[in-house]
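Asks: Have a look at this one.
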Amino acid sequence: MELKYLEVEMDGPVAVVTLSRPERRNAISEEMVVEIGRFFADPPEEAKTIVLRGSGDHFCAGLDLDEHARLRRTPAQFMRMCQKWHWAFDQIQYGGTPVIAAMQGAVVGGGLELAAACHSRVAEPNAFFALPEGQRAIFTGGGATVRVGRIIGPDRMVDMMLAARTLDAKRGYELGLCHEISDEGKSFERAMEIAQSAARHAPLSNYAIVTAIGRINDMSTTDGLFAESLMAGIVQSGPEVAEGLDNFLKRKARRLEPK
């Protein structure tokens with residue numbers, strides 16, 4: 001796959017994907033979001049997990065507003081573009097491969113929507129989160145009302161936008177926008193540790209974790225419990241189950257310790 005806006009390299013079983021528009025704070029153009037979707041829809045077969053990061057000082061500044069202003073899209077055209085973003089970020093969240101985000105600097109607007117589609121998020125101490133669409137006379141279009149709203153709650157998301165709040169890494173962690181804060185300059189290193197650990201899991205188990213839990217959360221209690229039992233039955237029949245249980249019973253498995 002020829003890539004213009006993403007840099008991809010393999011580190012063992014981990015694919016490292018770097019947003020590569022540092023001169024634009026990795027702002028996402030229409031061509032770039034399609035490229036993101038195409039990659040995550042068909043990642044390298046050898047990739048057991050993926051780390052997503054941004055080049056330069058920022059993770060992602062969101063929608064490319066220069067392009068948006070220049071193209072002057074009609075409402076129908078902009079709606080279709082939003083649906084491209086939804087499709088692309090669905091490939092991350094539901095593609096079946098665990099994606100860990102390493103975030104620094106700006107994680108704003110569409111950049112926050114992108115991060116929210118990832119399964120685990122590690123932030124640098126200098127990371128900050130915002131949804132500035134109201135200040136730009138536009139509205140979220142890349143999935144924030146669904147993904148970010150479910151993380152922090154719709155009421156808090158409304159306040160975040162109306163009050164033009166910019167949240168630092170600590171507040172982002174408290175609200176769930178990131179899952180941990182690394183030491184300074186270590187977000188990528190920590191994201192790689194998580195990715196390497198997850199890569200040791202049985203592939204079918206990882207697939208179930210990243211594709212089923214979010215969908216089950218959309219279901220009624222009864223339907224969710226049925227879907228969980230169905231997925232558990234499928235995973236239980238995987239070829240790695242016997243080895244995993246044997247390692248546990250013979251005390252070969254790693255001891256559980258808080259992190």
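Asks: Give a quick list of GluC sites (Glu not before Pro) in segment 1-108 that DSSP marks as loop, anything other than H, G, I, E or B, with at most 11 other Cβ atoms within 10 Å.
Replies: Values: sites: Glu2, Glu7, Glu9, Glu23, Glu30, Glu31, Glu35, Glu45, Glu46, Glu67; in loops: Glu2, Glu45, Glu46.
Here the sparse-neighbourhood loop sites are Glu2, Glu45, Glu46.
Asks: Mind checking the full-extension length gain between Glu45 and Ala76? Use 0.36 nm per residue of separation minus the Cα-Cα distance, one decimal, nm.
Replies: My answer for the length gained is 7.5 nm.
Asks: Could you tell me the ratio Rg/Rh of the chain? Both radii from Cα atoms, Rh via Kirkwood.
Replies: Dividing the radius of gyration by the Kirkwood radius yields 0.98.
Asks: Within segment 38-139, list the trypsin sites (Lys or Arg not before Pro) lying in a DSSP loop whose Cβ has at most 11 other Cβ atoms in a 10 Å radius.
Replies: Arg72
Asks: If I model a spin label at Val241 and Arg200 as a point 7 Å from the Cα along the Cα→Cβ vector, what separation in nanometres do I get?
Replies: The answer from the label model is 2.3 nm.
Asks: When Lys and Arg each count +1 and Asp and Glu each count -1, what net charge do the other residues less than 13 Å away from Ser187, Cβ to Cβ, add up to?
Replies: Net local charge, Ser187 excluded: -3.
Asks: Can I ask one more? If you line up the long axis of helix 221-236 against the longest principal axis of the chain, both from Cα atoms, how many degrees apart are they, to the nearest 10?
Replies: With both axes taken from Cα atoms, the answer is about 50 degrees.
Asks: For the pairs Lys4/Lys170; Lys4/Lys84; Lys48/Lys170, flag any whose C-alpha to C-alpha distance is greater than 26 Å.
Replies: The answer is Lys4/Lys170; Lys48/Lys170.
Asks: Subtract the Cα-Cα distance of Gln83 and Arg150 from 0.36 nm times their separation in residues, and report this length gain in nm to one decimal.
Replies: 22.2 nm
Asks: Applying a 10 Å radius around every beta-carbon, put 105-116, 211-222 in order of their mean neighbour count, most first.
Replies: Ranking, from highest mean packing down: 105-116, 211-222.
Asks: Given Cβ point charges of +1 (Lys, Arg) and -1 (Asp, Glu) and nothing else, what value in debye, to the nearest 20, does the dipole of segment 89-211 about its Cα centre take?
Replies: On the way: 11 positive and 13 negative charges, 35 e Å.
The dipole magnitude comes to about 160 debye.
Asks: Still on this structure, I have one more. Under the 0.36 nm per residue contour assumption, what length would be gained going from the current alpha-carbon distance of Ala163 and Glu9 to full extension? The partial results should precede the final answer.
Replies: On the way: separation 154, 0.36 × 154 = 55.44 nm, distance 4.00 nm.
Gain on stretching Ala163 to Glu9: 51.4 nm.
Just so you know, all these numbers are worked out from the coordinates, no wet-lab data involved. From a predicted model like this one, the values you see are computed outputs, not experimental measurements. Positions of Cβ are backbone-derived with ideal geometry, glycine not excepted, and every protein chain shown enters the neighbour counts.
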